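The values are calculated or read from the model by the stated rules, or taken from the named source; none is laboratory data. Nothing here was measured: the structure is a model prediction, and the numbers come from that model. Every residue, glycine as well, gets a Cβ built from its backbone with ideal geometry; the counts of neighbours run over all protein chains shown. With ligands, DNA and RNA removed, areas are computed over all heavy atoms of the protein, side chains included. Shrake-Rupley method; radii C 1.70, N 1.55, O 1.52, S 1.80 Å.
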Amino acid sequence: MTDSPHQRPKNQKGPVSMEMKIRVDSDAVVSRNVITNSQKQRVVQCSDKGVDKIPYGIPYNTRYLLLMNNQIDGIQLDLLKEYLSLEFLVLTNNHLTDGSVEGAFEDMRQLKRLFLDRNWLGSVPTGLPASLEELRLDGNNVSVMSEASWSCCPALHLLTLANNSLGEESIPSGAFSPLVSLHTLTLSHNHLSSTPLRLPRQLRELYLHGNRIEQVPGGVFPVGSALLSLDLSANRLPDAGLQRDSFQHAHMLESLNLEGNLLRSVPRHLPTSLRTLNLEGNLISTIGKRAFQGLLHLEHLGLSRNHISQVAPGAFRWLAALHQLDLSHNDLLEVPRNIPPNLHSVLLNHNRISFIPQDAFCAGGRTAAPSSLVRVQLECNVINMQDLDSHALWCLRGFQVVHFY
C-alpha cells in the first residue's frame, strides 16, 4: 500500500501498524504458479519487515499474503478467519510454535496453500481447514503425528515434511490414510528406518532421501498404487532390505532412485514399468547376465560411482529402450560387450579401460548396422590409441562421437 499510515484506504481492517506495499515480489513469491496482473491488487507483501505479529490493516479481499522471513511468534486470536478470500498464506521462516498456531487456520474456508516451513513447530498444527490443498512443514521439529492429524484435510494433494525429527515410532501404520487426494509426499532428511506403511493409493511421488531406511517391507504400496516416482537415495539399504514383495503393487512406478545406499548387487524383482533407475554410489562390483531382465521400458540407467569391474557379456541386451547408460567412475578394464543398439549416450569415463572389444559398440563388425550413439565418454582411462582396433568403432558416425580426452 502506497498510502501513508495516516490515510486508511477502503476495505482495511483496524489501524495500519506499518507501511506495506501490495505488489508482486520475485523473491517472495515462492510458488511455481504465475500471478496474473488482475491478481496483483490482491497480493500483500509483508516479508522481511522484522515484525513479530501479523500486521493489522490488511485488506479483507486479500488472496495472497506473504509474511516470510519475519519474527512472528504468534497469530492473534480470530484474526485470520475474517479474511474470507485468502487462498495462499506464507509464514516461512518465522518463530511459530505449536501453541501459537493452535486453531488459527480452522475457519479459513478458502485457504488452499499454507507455508509453515522453517518455524519451531513440534507437531502438525490442529484445526487445518478442509479446503487445504498444499501444506509445507519443512525445517521444523515435527516428531509425532497420527491419522487424526490429517482427518480434516481430504483435499490435500501436496505435503512436505522434510528436515524434521520424524523417527521410527513417529508415523504409525496408516497415519497418512485419511489423505485420500494426496499426490506428493516429501519426508526427506528425517530419522526414518523404514518406509511408512499403508500409504494412500493415489500417491504419485514419494521422497525419502536422506533418512536411515534399512528396508522396504512388503505391503508398503497398496493394491492399485498410482506411484510414479520413488526417491530412496542416501539411505542405508542393503541387498536384503529390498525384498521380493517390496514393490509388489507398484506396477506404475517409472522412476526409482536408490543412489547412495549399501547395495552390493543390482536389486531383483524391480517393477517392469521402470523408465529411470539410479543405482549410483553403491557397492556394486559385478553385473550379472540377467541383472536387468524384464526392464523393457528402461530409458535411463545410472551405475556410476560403484566398484564395477566385471559386466557379463550381453548384460544390457535386455534394455531395448535404453537411451542413456552411465558407468563412469568404476573399475572397468574394458568396454562392456553388446551395448544396446538404440543407446544414445554411454558414459565410461574415469575407469581403467584399456581395451574396446569389437562387439562392444558394433556387434557384427563390418556388417554391423550404423549405431544410434551420439556420445561416448571415454576420458580418464588408459586406452593406447595406437593399439585401438578400428573395427571396434566401425559402426559409429565418427570420432566426434567418441571422446577420449
Residue within the stretch 346-363 that is hydrophobic (A, V, I, L, M, F, W, C), surrounded by fewer than 14 Cβ atoms within 10 Å (Cβ to Cβ) and at pLDDT below 90 present: no
Answer residue from the stretch 209-233, given it is among the aliphatic types (A, V, I, L, M) and open to solvent by 40 Å² or more (accessible area, probe 1.4 Å) and is farthest from the chain's Cα centre (by Cα) among those: 223
Those residues of the stretch 82-121 which are under 19 Å from residue 145 (Cβ atoms), of a type in the set (A, V, I, L, M) and assigned to a loop (DSSP other than H, G, I, E, B), in sequence order: 96, 104, 116, 121
Breaking point among (1) at pLDDT 95 or above; (2) open to solvent by 30 Å² or more (accessible area, probe 1.4 Å), for residue 166: (2)
The stretch 47-63 residues that are under 15 Å from residue 95 (Cβ atoms), paired with ones that are at pLDDT 95 or above and open to solvent by 80 Å² or more (accessible area, probe 1.4 Å) (beta carbon under 8 Å, 6 or more apart): 50/71; 51/71; 52/71
Flag if residue 342 is open to solvent by 30 Å² or more (accessible area, probe 1.4 Å), over 29 Å from residue 384 (Cβ atoms), polar (S, T, N, Q) and at pLDDT below 95: yes
Neighbours by Cβ (under 7 Å, 6+ apart or cross-chain): first from the stretch 382-395, over 12 Å from residue 334 (Cα atoms); second open to solvent by 70 Å² or more (accessible area, probe 1.4 Å) and of a type in the set (Lys, Arg): 391/366; 394/366
Strands (runs of 3 or more DSSP E) within the stretch 244-337 that include 2 or more residues surrounded by fewer than 22 Cβ atoms within 10 Å (Cβ to Cβ) and over 19 Å from the mean Cα position of the chain (by Cα): 324-326
Search result, residues across the stretch 371-405 that are open to solvent by 30 Å² or more (accessible area, probe 1.4 Å) and at positive phi: 380
Failed criterion for residue 225 (all others in (1) in a helix (DSSP H, G or I); (2) in contact (Cβ under 8 Å) with a residue 24 or more places away in the chain hold): (1)
Pick from the stretch 171-208, criterion open to solvent by less than 10 Å² (accessible area, probe 1.4 Å) and farther than 21 Å from residue 247 by Cα, ranking: nearest to the chain's Cα centre (by Cα): 190
